[in-house]
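The values are calculated or read from the model by the stated rules, or taken from the named source; none is laboratory data. Only a predicted model underlies this, so the values are computations on that prediction, with no experimental measurement involved. Virtual Cβ from ideal backbone geometry, glycine too; neighbours counted across all protein chains shown.
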Amino acid sequence: MSAPLLLTLGLAVLIGVSLGLLGGGGSILAVPLLVYVAGLPAKEAIATSLLVVGATSAVGVLPHARAGRVRWRTGLIFGLAGMTGAYAGGRLAEFVPAGFLLTGFAVMMLATAIAMIRGRRAAAGRPVPHELPVFRVILDGIVVGLVTGLVGAGGGFLVVPALALLGGLPMPVAVGTSLVVIAMKSFAGLAGYLSTVSIDWGLALAVTAAAIIGSTLGGRVAGKIPADLLRKSFGWFVVVMGVFVLAQQLPPIAGLALGASAAAGTVTMAVWGRRRRRHSGQQRLGHPVREHAGSGVDR
């Protein structure tokens, strides 16, 4: 067994851990892994990642289901709507340059990371929903599914924020539910790709097996980690991978500069969002907010 293949399989375990623990990040890791380590062409790597992430998510949902961390109605409706968009995205990807797909992938990763790090402003007395409204789930599912099919993302990096930030599900429940959605949409996106892209099935099955091992480990640990820490860990993980993928699409110097700028911008937005929420919280409680003279920056 060659060294690149061993490295690919070793890193594939991390893909599974990410899916089981965070409910996403599988394709965020799988696409760069298959392109830069396994040496696959971009579109073949995207199609292969859909197979790996779909199968791994289907297995990874089991420990979450046993622990009661899956909203089945929300997940299945979101998944069915997402499958429609994912198939269309997979067919549409034939007409979009590979470099454009990966660049768009990276930009969406960074935007999602900012949202996850900043978090969702909690409203006092708001109940935790058991299931989300059907129309909203269908609309979000179609949009996320289209992105899934286009860029090969299993959708977790969009599904988890949609469930946790927009839908208000607790982070551990959003993680478990997202795996149902990811599995359904990944297989639909793969079906769209298979009409134009061939897959190295031996490599794909080996990477899938390694990722499934990792997902089992990640799923068992997920329920033991505080929800807020899980959310922020997800956000910073996506920042790192987004900067890496974005930098790879540009010349070395420009890539480093843009990557550094993107990371700095993400940090700034996250800090600004946290200060703004703290400022609003103090005003609601009637506490004065102390400011630097002439600066307007809260402490």
Scanning for something of a type in the set (A, V, I, L, M, F, W, C), in contact with a Gly (Cβ under 8 Å, 6 or more places away or on another chain) and at pLDDT 75 or above, does segment 117-134 turn up at least one residue?
yes
Residues of segment 186-230 classified as more than 28 Å from Thr84 (Cα to Cα), modelled with pLDDT under 85 and not in a loop (DSSP other than H, G, I, E, B), total:
10
Scanning for something surrounded by fewer than 24 Cβ atoms within 10 Å (Cβ to Cβ), free of Cβ contacts under 8 Å to residues at least 60 places away in the same chain, in a helix (DSSP H, G or I) and over 12 Å from the mean Cα position of the chain (by Cα), does segment 44-62 turn up at least one residue?
no
Flag for Leu163 being more than 24 Å from Gly39 (Cα to Cα), surrounded by 21 or more Cβ atoms within 10 Å (Cβ to Cβ) and modelled with pLDDT of 85 or more
no
If Gly145 passes every condition in (1) part of a helix (DSSP H, G or I); (2) modelled with pLDDT under 75; (3) under 15 Å from Met184 (Cα atoms) but one, which one does it miss?
(2)
List pairs: first residue in segment 182-199 and on the phi < 0 side of the Ramachandran plot, second residue in a loop (DSSP other than H, G, I, E, B) and surrounded by fewer than 16 Cβ atoms within 10 Å (Cβ to Cβ) anywhere in the structure, Cβ distance under 9 angstrom, at least six positions apart or on different chains.
Val197/Pro41
Top-ranked residue in segment 9-45 [being modelled with pLDDT of 85 or more and among the β-branched types (Val, Ile, Thr); ranked as nearest to Met108 (Cα to Cα)]:
Val35
Just the residues that are assigned to a loop (DSSP other than H, G, I, E, B) and surrounded by 21 or more Cβ atoms within 10 Å (Cβ to Cβ), please, taken from segment 26-43.
Ala38, Leu40
So which pairs qualify, if the first residue must be in segment 96-117 and farther than 12 Å from Leu158 by Cα, the second must be charged (D, E, K, R) and assigned to a helix (DSSP H, G or I), the Cβ gap must be under 7 Å, and the two must be at least 6 apart or on different chains?
Ala98/Lys43; Ile117/Lys232
Quick check on Gly99: is it surrounded by 24 or more Cβ atoms within 10 Å (Cβ to Cβ) and either farther than 25 Å from Thr196 by Cα or of a type outside the set (Ser, Thr, Tyr) (or both)?
no
